[in-house]
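*Asks:* Can you keep this structure in mind? I'll have questions shortly.
Derivation of every value follows stated rules applied to the coordinates shown; laboratory data play no part. Not measured: the values here are computed from a predicted model. Using ideal geometry, Cβ is built from the backbone for each residue, glycine included, and neighbour counts are taken over all protein chains shown.
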Ligand code: NAP
């Protein structure tokens, strides 16, 4: 039979979960999955503000969306979110884990609390999310999990004192490969996307306001990514277009890691 290439990217009748769906990359990917046909459970730590906006944007696509307040450091809340998603939308097939935080401090001054809080959200939160999602997907014998890592898991950002963030993202990349190999024979693919500098609220935190110009000039494409530019890679990894990809870290960085 002839391959219908455009249909490879069709997400109709797929059910997705997106964490960090109330802002930035997670919000845009949640909308992108819906635009390709998926119904989406949108998770963030609060249901007010951003998640309301995500739901109203998805409503305009004609797809279903639900908002769930869950902290990714809370394992029970993530399990409950998967249960609710399956009860209200159907069998879970796609998960995008974008919830994360960033901050900075010189390594010699960083408190245990600052280190641990970030690690709990960025690394343990991704692991708990994957665990809850995979438990459901394993019962269906299929699924695609995409973890949002960062080019900071591959390189060290010049001028940014964020040892804990960089380590957490290297952890997400390798955790994704490890889970990909654990589940490779059972229908679940696990990949990561590593964005370069992307224009989202995360980059408006006070210590970064003056660094945007540096980010642009250090990037071979001479600009930051638009949040829209994370959608294509996510749809690719979520869909049948990437059926032979697992354990991949897809750098979406404007060429940053080449230099
Ligand atoms: P963002 O706009 O701040 O969005 C992150 C979302 O995650 C926010 O809605 C945030 O809620 C939520 N979140 C944080 N901690 C959470 C928790 N414990 N439980 C549930 N939700 C939580 O940031 P972004 O730039 O889109 O970042 C998304 C992902 O991309 C992150 O993993 C980030 O590390 C990664 N990334 C970003 C860039 C970049 O340049 N922007 C580059 C590489 C990788 P609150 O607003 O309440 O904190």
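*Asks:* Per 0.36 nm of contour for each residue apart, how much would the distance between residue 84 and residue 9 grow if the chain were fully extended, relative to their Cα-Cα spacing?
*Replies:* Values: separation 75, 0.36 × 75 = 27.00 nm, distance 2.60 nm.
Full extension from residue 84 to residue 9 adds 24.4 nm.
*Asks:* Looking only at Cα atoms, what is the convex hull volume of the stretch 57-107 per residue, in Å³?
*Replies:* Values: hull volume 6.4 nm³, N = 51.
Taking the convex hull of the Cα positions in the stretch 57-107, it is 126 Å³ per residue.
*Asks:* If you fit an axis through the alpha-carbon atoms of helix 50-59 and take the longest principal axis of the Cα set of the chain, what angle between them do you get, 0 to 90°, nearest 10?
*Replies:* For 50-59 against the chain, the angle is about 40 degrees.
*Asks:* Relative contact order for the chain: what percent, with Cα pairs under 8 Å and sequence separation of 6 or more? Walk me through the numbers before you get to the answer.
*Replies:* Values: 519 pairs, mean separation 50.2, N = 259.
Relative CO of the chain lands at 19 percent.
*Asks:* Sort 183, 259 so that the residue with the fewest other Cβ atoms within 10 Å of its own Cβ comes first and the one with the most comes last. Provide the component values of the computation, followed by the final result.
*Replies:* Values: 183 19, 259 8.
In order of increasing Cβ crowding within 10 Å: 259, 183.
*Asks:* Once the Cβ-Cβ distance between residue 226 and residue 60 is put in as r, and R0 is 25 Å, what FRET efficiency do you end up with, to the nearest 0.05? All intermediate terms of the calculation are to be shown ahead of the outcome.
*Replies:* Numbers: r = 20 Å, r/R0 = 0.79.
Computed FRET efficiency for residue 226 and residue 60: 0.80.
*Asks:* Whole angstrom only: what separates the Cα centroid of the stretch 97-116 from the Cα centroid of the stretch 20-95?
*Replies:* About 26 Å separates the Cα centre of the stretch 97-116 from the one of the stretch 20-95.
*Asks:* Test of understanding: ordering 18, 227 by Cβ neighbours within 10 Å, fewest first, what list do you get? Display every interim value, and only then the final one.
*Replies:* Numbers: 18 33, 227 21.
Listed from fewest to most nearby Cβ atoms, that is 227, 18.
*Asks:* Same structure, new question: Per residue and in cubic angstrom, what volume does the convex hull of the Cα atoms of the chain have?
*Replies:* On the way: hull volume 33.9 nm³, N = 259.
With only Cα atoms used, the chain gives 131 Å³ per residue.
*Asks:* At q = 0.11, 0.15, 0.21, 0.24 Å⁻¹, what base-10 log of I(q)/I(0) does the Debye formula yield for the stretch 1-111 when every alpha carbon is treated as an equal point scatterer in vacuo?
*Replies:* Scattering profile of the stretch 1-111, log10 relative to I(0): -0.38, -0.62, -1.04, -1.29.
*Asks:* Here's another thing I want to ask about it. For the peptides 155-162, 47-54, 140-147, what is the packing order when you average, over each peptide's residues, the other Cβ atoms within 10 Å and list the highest mean first?
*Replies:* Working: 155-162: 15.0, 47-54: 16.8, 140-147: 21.2.
Result, highest mean first: 140-147, 47-54, 155-162.
*Asks:* Right, here's the next one. Only counting other Cβ atoms within 10 Å, I'd like 210, 13 sorted with the fewest neighbours first. Walk me through the numbers before you get to the answer.
*Replies:* Details: 210 8, 13 11.
Going from sparsest to densest Cβ surroundings: 210, 13.
*Asks:* Determine which residues of the stretch 1-39 fall in the zone a paramagnetic label at residue 53 would reach in this model, i.e. backbone nitrogen under 16 Å from the point 7 Å along Cα→Cβ.
*Replies:* 20-32
*Asks:* Further, regarding this structure: On alpha-carbon atoms, Rg over Rh for the stretch 107-173 using Kirkwood Rh? Write down the numbers at each step before the final one.
*Replies:* Working: Rg = 14.5 Å, Rh = 13.2 Å.
On the Cα set of the stretch 107-173, Rg over Rh gives 1.10.
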